[in-house]
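Where a number appears in this text, it was derived from the coordinates with a stated rule and is not lab data. All figures in this text were calculated on a predicted structure; none of them were measured in a lab. Positions of Cβ are backbone-derived with ideal geometry, glycine not excepted, and every protein chain shown enters the neighbour counts.
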Amino acid sequence: MILPENTEPPNSTEGSPSPGNEPTAASRGKKWYAIKVTAGQEENIKTAIERRIKIEGLEEFFGQIIIPMEKVTEMVKGKRITRKTKLYPGYIFAELEFNDKLHYLVRTTPGVIDFVGAGPQRAPQPLSEHEVQQIQGLRAETVDTRPPTTRIRFSRGDRVKIREGSFAGMEGEVSEILEQKGKVQVMLKIFGRDVPVEVESWQLEAV
């Protein structure tokens, strides 16, 4: 599984390993693997795997499981709402020393579909060093400290109508998405000329 190149590792963590016990890709032969799971059940599956590993006494072969998250800001009824959302829905990332026992334990955990890259008579390939660095940066089940991005549901070329503000009632075409500002640039016809206007995304509706 190739992680998106534009994903910048977050800085803050929650539930991270205690100081001095931070796993690395090479410690005790452990490597990072991507595991395909049922979307929406990532946390429950993570807990189930960790519990089964403890019951089976396989802790020495296991590092940790992470579910990378990001902070997203959306406008809901004119209010700015910030929430956490999964960076990779339907995937968890596990650091482990691959062997038959762990392979069987993980694969037979309810909700697990399979290791990414695995196949008949073929063991899954661990993540590349570049991907490991990204994963280690996204080590926690929490968000980063970067300013939240605003999720905008419009795309360039969309026809929209402005619901509120100085240009309420006017229609135009989306010419640019300004994600960092949480705004959309709309081309409006004003006095017969095309004029770019920046509008809050929540002030728009599709036509």
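Which order do peptides 196-206, 117-127 fall in by mean Cβ count within 10 Å, highest first?
On the way: 196-206: 17.0, 117-127: 13.5.
So the peptides 196-206, 117-127, ranked by packing, come out 196-206, 117-127.
Along Cα→Cβ, 7 Å out, is where each label goes; now give me the distance between the ones at ILE81 and LEU178 in nm to one decimal.
Roughly 2.5 nm, to one decimal.
Report, ordered by chain and residue number, the lysines lying within cross-link reach of LYS183, taken as a straight Cα distance under 24 Å and ignoring same-chain residues fewer than 8 apart.
Answer for LYS183, where 24 Å is the Cα cut-off: LYS71, LYS77, LYS79, LYS84, LYS86, LYS161, listed by chain and number.
Mind listing the long-range amide H neighbours of LEU204? Cut-off is under 5 Å, sequence gap 5 or more, other chains count too, H placed in the peptide plane at 1.01 Å from N.
Hits under the 5 Å cutoff: ARG163.
Residue-wise, which Karplus ³J(HN,Hα) couplings in Hz belong to region 31-43, taking 6.51 cos²θ - 1.76 cosθ + 1.60, θ = phi - 60°, and x for glycine or proline?
The phi angles translate into 9, 8, 10, 8, 10, 7, 9, 5, 4, x, 10, 4, 5 Hz.
Using Cβ contacts closer than 10 Å as the measure, can you line up VAL195, VAL72 from fewest to most? Could you put the intermediate results ahead of the total?
Details: VAL195 12, VAL72 15.
Ordered by Cβ neighbours within 10 Å, fewest first: VAL195, VAL72.
Return the long-range amide H neighbours of VAL37 (sequence gap of 5 or more, or a different chain), with a cut-off of under 5 Å between placed amide H atoms.
Under 5 Å from the amide H of VAL37: TYR91, ILE92, ILE113.
For PHE154 and GLU171, calculate 0.36 nm times their separation in residues minus their Cα-Cα distance, and state this gained length in nm to one decimal.
Full extension from PHE154 to GLU171 adds 4.7 nm.
Given points 7 Å out from each Cα along the Cα-Cβ axis, report the MET187 to ALA48 separation in nanometres with one decimal.
A separation of 5.2 nm, rounded to one decimal place.
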